[in-house]
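J.: Encoded as structure tokens, here's the structure I'll be asking about.
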Amino acid sequence: MKILVIGGGGREHALAWHLAKSPRVHKVFVAPGNGGTALASPLQNVPISDNDALIKFARDESVAFTVVGPEAPLAGGIVDAFRAAGLKIFGPTQAEAQLESSKDYAKAFMVRHTIPTARYQTFTDPAQAKAYITSQGAPIVVKADGLAAGKGVVVATSVDEAHSAIDAMLGDGSLGDAGARVVIEECLLGEEASFIVMCDGNHVLPLATSQDHKRLLDGDLGPNTGGMGAYSPAPVITPALHNRIMREVIHPTMAGMAKDGLPYSGFLYAGLMIGDGPDATRTIKVLEYNCRMGDPETQPIMMRIKSDLTQVFEQAIAGKLDEANIDWDRRCAMGVVMAAANYPATPRLDDVIEHLPENTDELMVFHAGTRLDGDILKTSGGRVLCVTVLADSIKRAQAAAYAAASQVRFEGKQYRSDIGWRALPSPSE
Ligand code: AMP
Ligand code: GLY
């Protein structure tokens, strides 16, 4: 069978790589793909991005089904368009994708269905927004309502910083339409975890837990990024917490969407803040929904999946996720993101990439911002590679991932040296 994966990041490389392992698959098209997917037969890049052309391509190639990686095409209605054309596709419709594409929609949804989340208010007027911030005090979080590619959230440690964020978003229009409305919310403390499930409108299949590191620098300092590394499983999610998250967040979300007339299908990613304390009483709050898998969380998650994913996607598209099962490798996986110079502000492009390690079942270098220039691999985006390793422990995965990353060469490469620190015993133990 032939499969089409939409997107061109590390997440899509990992999805396509896993799908291509199935003996049923002889081609995985990736639109548009990247330098890594261009090099890895039976993956094949397809330089198409508009829906009509993708639909024609999927028809002409008799693609069995399509999987969508990023949020932008989902928010743009690619699932609606493919379904209307009678093509099989896994992902939420445009209306369902509002859970990610509008923070205000997501917050109102959570309040309506009593799903735990931070206290908030929404504003379009800068003076009112600033007055609210002054009344609440810092720390406080300012979020652009719309999609802002990871740049829409400011966790402000002072009232001045929050006011500046308002000036940038509502005053200067720094994020365009995405920032024309802002959500201001209470700053939550605790440990973050990514909880990702597959949904088919009726049923839910949870994936293995994972955790990413959103800040650019070691010690979780510096600006927010799309994610500098991730690992799976996330030890913070014990079996007891897993059950609570399903009961308190995932099932109410599915039920709420169904009640609103939008039974959700596709990946659903709940970004959670887990408060301190014993498992039975720790607070669990939703920071955000994403209507897709995480990047880079997908990369370690894919390394741990032993089942044939083609079957799971077919069951999901047929509304039979209750019959699906994923067999997980008990080992740990970790991905370290290697970013370009000046990421995330203004990443430098076109640096030559050399000395990539050999890919194996235990070590995969998933590509993101890379492209082929003739036979030369060059950087073409902020996050360039994700060096991902499967090993017996997080510690071993970390050591192997860093050994491989240190070998890779491109000018200005930057990566964190402490991915996974929360999952490791502290040095004093
Ligand atoms: P989001 O896109 O909403 O997940 O926000 C990006 C990052 O900002 C999250 O991963 C958190 O690290 C941080 N963040 C978002 N909302 C809050 C909040 N209410 N309290 C503390 N940190 C937050
Ligand atoms: N790694 C965070 C995200 O994909 O949104």
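Bear in mind that the values in this text are calculations on the coordinates, not laboratory data. Just so it is clear, the structure is predicted and the values come from calculations on it, not from any experiment. FYI the Cβ positions are ideal-geometry reconstructions off the backbone, even for glycines, and counts take in every protein chain you see.
J.: I want to verify the translational diffusion coefficient of segment 119-197 in µm²/s; compute it with Stokes-Einstein, Rh as the Kirkwood radius over Cα pairs, at 25 °C and 0.890 mPa s.
T.: Working: Rh = 12.6 Å.
Translational diffusion coefficient: 195 µm²/s.
J.: Exposure proxy check: E358, E12, E186 ranked by fewest other beta carbons within 10 Å?
T.: Values: E358 7, E12 31, E186 13.
In order of increasing Cβ crowding within 10 Å: E358, E186, E12.
J.: Can you give me the C-alpha center-to-center distance between segment 142-180 and segment 361-384, rounded to a whole angstrom?
T.: So the two Cα centres are separated by 31 Å.
J.: Continuing with this model, one more query. Residues with beta-carbon under 15 Å from that of P252, excluding P252: net charge, scoring Lys, Arg +1 and Asp, Glu -1?
T.: Details: positive: K107, R112, R244, R247, K259, K285; negative: E248, D260.
Summing Lys/Arg as +1 and Asp/Glu as -1 gives +4.
J.: For segment 49-156, report the % of Cα-Cα distances exceeding 16 Å. Before the final figure, lay out the partial values.
T.: Values: 3845 of 5778 pairs.
Looking at segment 49-156, the distances longer than 16 Å represent 67 percent of pairs.
J.: Mark the label point 7 Å from the Cα of A149 along Cα→Cβ and return the residues of segment 8-32 whose backbone N is within less than 17 Å of it.
T.: 8-12, 32
J.: Another question, if that's okay. Could you compute the FRET efficiency for K306 and A399, with r as their C-beta to C-beta distance and R0 at 25 Å, rounded to 0.05?
T.: Rounded to the nearest 0.05, the efficiency is 0.60.
J.: What does the extension gain come out to for A85 and V352, with contour length at 0.36 nm per residue minus their alpha carbon separation? Before the final figure, lay out each step's value.
T.: Details: separation 267, 0.36 × 267 = 96.12 nm, distance 4.12 nm.
92.0 nm is the gain from fully extending A85 to V352.
J.: Around A148, under 13 Å between beta carbons, what's the net of Lys plus Arg minus Asp minus Glu among the other residues?
T.: -1
J.: Under 17 Å from the Cα of K378, which lysines turn up, not counting those fewer than eight places away in the same chain?
T.: K413
J.: Okay, next question. To make sure I understand, if each residue's beta carbon is the centre and we count other beta carbons within 10 Å, what order do R244, R396, R409 fall in, fewest to most?
T.: R409, R396, R244
J.: Okay, next question. What value in Å³ per residue do you get for the convex hull of the alpha-carbon atoms in segment 218-278? Could the numbers behind the result be given before it?
T.: Numbers: hull volume 8.9 nm³, N = 61.
Taking the convex hull of the Cα positions in segment 218-278, it is 146 Å³ per residue.
J.: Right, next: Shape of segment 149-193 from its Cα gyration tensor (a ≥ b ≥ c, root eigenvalues): rounded if a/c is under 1.5, otherwise prolate when a/b > b/c, or oblate?
T.: oblate
J.: By DSSP, what percent of the beta bridges with both residues in the chain are antiparallel, rounded to the nearest 5?
T.: Close to 80 percent.
J.: Give me the extension gain from D172 to D160: residue separation times 0.36 nm, minus the current Cα-Cα distance, reported in nm with one decimal. Present the calculation step by step, with values, prior to reporting the outcome.
T.: Working: separation 12, 0.36 × 12 = 4.32 nm, distance 1.62 nm.
Difference between extended and current length: 2.7 nm.
J.: From the Cα gyration tensor of segment 331-371, with a ≥ b ≥ c the square roots of its eigenvalues, which class applies: rounded if a/c is under 1.5, or else prolate if a/b is larger than b/c, or else oblate?
T.: Since a/c reaches 1.5 but b/c is at least a/b, the shape of segment 331-371 is classed as oblate.
J.: Using θ = phi - 60° and the Karplus form 6.51 cos²θ - 1.76 cosθ + 1.60, what ³J(HN,Hα) does each residue of segment 304-318 get, whole Hz, x for Gly and Pro?
T.: Listing the rounded values in order: 9, 8, 9, 6, 7, 5, 4, 5, 5, 5, 4, 5, 5, 5, 7 Hz.
J.: log10 I(q)/I(0), Debye, Cα-only segment 331-419, no solvent, q = 0.11, 0.12, 0.17, 0.18 Å⁻¹?
T.: With one equal scatterer per Cα and no solvent, log10 I(q)/I(0) is -0.28, -0.34, -0.65, -0.72.
J.: With labels modelled as points extended 7 Å from the Cα through the Cβ direction, what inter-label distance (nm, one decimal) is found for D327 paired with A258?
T.: Those two pseudo-labels are separated by 3.0 nm.
J.: Any idea what the relative contact order of segment 247-333 is, in percent, if you count C-alpha pairs under 8 Å spaced at least 6 apart? If you can, show how the numbers build up before the last one.
T.: Working: 80 pairs, mean separation 17.6, N = 87.
So the answer I get is 20 percent.
J.: Right, next: Using 1/(1 + (r/R0)^6) with R0 = 30 angstrom and r between the beta carbons of K27 and N224, what's the FRET efficiency to the nearest 0.05?
T.: Details: r = 37 Å, r/R0 = 1.23.
Efficiency at R0 = 30 Å is approximately 0.20.
J.: Quick check: convex hull of the Cα atoms in the chain, volume per residue, rounded to a whole Å³? Before the final figure, lay out each step's value.
T.: Working: hull volume 61.3 nm³, N = 429.
Per residue, the Cα convex hull of the chain comes to 143 Å³.
J.: Take S406 and I376, extend 7 Å from each Cα along the Cα→Cβ direction, and tell me the distance between the two endpoints in nm.
T.: 2.8
J.: For each pair in K107/K151; K107/K395; K56/K320; K214/K395, compute the distance between the two Cα atoms and list the pairs where it is over 30 Å. The partial results should precede the final answer.
T.: Details: K107/K151 19 Å; K107/K395 37 Å; K56/K320 27 Å; K214/K395 20 Å.
Beyond 30 Å between Cα atoms: K107/K395.
J.: If you don't mind, another one. Taking the Cβ of each residue in R11, R282 as the centre, tally the other Cβ atoms inside 10 Å and list the residues starting with the fewest. Mind showing how you got there, number by number?
T.: On the way: R11 27, R282 17.
So the ranking, lowest neighbour count to highest, is R282, R11.
J.: Aspartates and glutamates within cross-link reach of K130: Cα-Cα under 13 Å, excluding same-chain residues under 8 positions apart?
T.: D160, E161, D167, E185
J.: Please report, for the Cα atoms of segment 146-261, the Rg to one decimal and the Dmax as a whole number; what are they, in angstrom?
T.: 17.2, 46
J.: Through the Karplus equation 6.51 cos²θ - 1.76 cosθ + 1.60, θ set to phi - 60°, convert the phi angles of segment 221-237 into ³J(HN,Hα) values in whole Hz; use x for Gly and Pro.
T.: Couplings: 10, x, x, 5, 10, x, x, 9, x, 7, 8, 8, x, 9, x, 4, 8 Hz.
J.: Do any trypsin sites (Lys or Arg not before Pro) in segment 109-212 lie in a loop, going by DSSP, with at most 14 other beta-carbon atoms within 10 Å of their beta carbon, and if so which?
T.: Values: sites: R112, R119, K130, K143, K151, R181; in loops: R119, K151, R181.
Filter output for segment 109-212: R119.
J.: Same structure, new question: If N is the number of residues in segment 235-340, what value comes out of its Cα radius of gyration divided by 2.2 N^0.38 Å? Working shown, then result.
T.: Numbers: Rg = 15.6 Å, N = 106, 2.2 N^0.38 = 12.9 Å.
Relative to the 2.2 N^0.38 Å estimate, segment 235-340 comes out at 1.20.
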